[in-house]
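One structure is given here, and the rest of the page talks about it.
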């Protein structure tokens, strides 16, 4: 199979909060969730790259979820709730700092809608669907696009 994207209706998704909005990534692509910790800055890096950290012998880049998704920094997150979601795509591992981790969700085929209209379409837009959830909605994210990774086999 050459298509490595995960359909919005396949399996369970891990939800998390960023700036007051709920997002989710496929649980199959979440390697673990860890507490926020010390990062080493990377000079000249993109503004959404917070730095790198060591994780069991690997050097892992950590992205600021709010900056990556173009959200305001005005929202106050509870430091005790902030986590880094480690996302795996093929052999790549990328951390995403989130304001809080939420529930596991299991979308149904009929519930998932395309991204909301009105936003400027971008080739690297990581939101590939929305799901009505608890009076609001969850934006479903494509891990490869979110982490700006090249196409790669998930098995290798």
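Annotations
- Cα-based equivalent ellipsoid of segment 13-146: semi-axis lengths in Å, sorted from largest, via gyration tensor: 24, 16, 15
- Residue 137 paired with residue 104, simple spin-label distance in nm, labels 7 Å along Cα-to-beta-carbon: 2.6
- Counted residue by residue at 0.36 nm each, then reduced by the alpha carbon distance between them, the extension gain from residue 33 to residue 73 reaches 12.2 nm.
- Legend: calculated FRET efficiency, residue 82 to residue 113, from the Cβ-Cβ distance at R0 = 22 Å, rounded to 0.05, equals 0.15.
- Cα convex hull of segment 11-80, projected area averaged across orientations, nm²: 5.7
Every number here is computed from the coordinates shown, using simple stated rules; none is lab data. All of these numbers come straight from a predicted model, not from anything done at the bench. Positions of Cβ are backbone-derived with ideal geometry, glycine not excepted, and every protein chain shown enters the neighbour counts.
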